[in-house]
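The values are calculated or read from the model by the stated rules, or taken from the named source; none is laboratory data. Quick caveat: nothing in here was measured; it's all calculated off a predicted structure. Ideal geometry is used to build each Cβ from the backbone, glycine not excepted, and the neighbour counts take in all protein chains shown. These accessible areas exclude ligands, DNA and RNA; they are computed on the full protein's heavy atoms, side chains included. Shrake-Rupley method; radii C 1.70, N 1.55, O 1.52, S 1.80 Å.
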Amino acid sequence: QVQLVESGGGWVQAGGSLRLSCAASGSTFSYYAMGWFRQTPGKEREFVAAISWTGGRTYYSDSVKGRFTISRDNAKNTVYLQMNSLKPEDTAVYYCAAGQVAATTSTWYKNWGQGTQVTVSS
């Protein structure tokens, strides 16, 4: 089992940037593919980005492609989500997740963080 803790959320004006971090512990981080998802009240958890265990492959939802970048540092047991050109519709709780494959559906991920709130004002 791997434990995940997100940080870096907060409030930002539209057009601004934030970088989320997800620190892993308890298991070998480099064995896991990692994903970022987000959720707003009353809606299902939505895929944002994913990265393979080597970092060689990345995947993005159409809504964030070109604005967000996922990366990882296996030496630091951390995955990042750089978010640029933020929009009010990006407002959500952001979760990182660890799984065996870099999938776009949440059911492939077995370990989840507690989430971090991102609020983008217009």
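A few remarks follow.
- Choice from Thr107, Thr69, Thr91 showing the highest fluctuation, given a GNM over the chain with Cα pairs closer than 10 Å: Thr107
- For the stretch 24-59 versus the stretch 68-122, the spacing of their alpha-carbon centroids is 6 Å.
- 10 Å Cβ shell holding at most 16 others, DSSP loop, trypsin sites (Lys or Arg not before Pro): longest site-free stretch of the chain: 77-122
- Selection among Thr69, Gly15, Ser122 by position relative to the dipole of the chain gives Thr69 as farthest towards the positive end (Cβ unit charges, Cα centre).
- Carbon-plus-sulfur accessible fraction, the chain (probe radius 1.4 Å, protein heavy atoms only): 49%.
- If the segment from Gln117 to Ala75 were pulled out straight at 0.36 nm per residue, it would be longer than the present Cα-Cα gap by 12.5 nm.
- Per residue, the chain exposes 51 Å² of solvent-accessible protein surface, assessed with a 1.4 angstrom probe and all protein chains in place.
- Zone of Gln13's modelled label, taken as backbone nitrogen in the stretch 54-96 under 17 Å from a point 7 Å along Cα→Cβ: 84-89
- Environment charge of Thr78, counting only residues whose C-beta is closer than 14 Å and scoring Lys/Arg +1, Asp/Glu -1: +1
- When only Cα pairs below 8 angstrom with a gap of at least 6 residues are kept, the chain shows a relative contact order of 36 percent.
- Under 25 Å between alpha carbons - lysine pairs in the chain that sit 8 or more apart or on different chains: 6
- The 3J(HN,Hα) values that the Karplus relation (6.51, -1.76, 1.60; θ = phi - 60°) gives for the stretch 64-78 are, in residue order, 10, 4, x, 10, 10, 9, 9, 8, 8, 10, 5, 5, 9, 6, 9 Hz. Gly and Pro appear as x.
- Quick note on the chain: its Rg to Rh ratio, both from C-alpha atoms and Rh being the Kirkwood radius, is 0.94.
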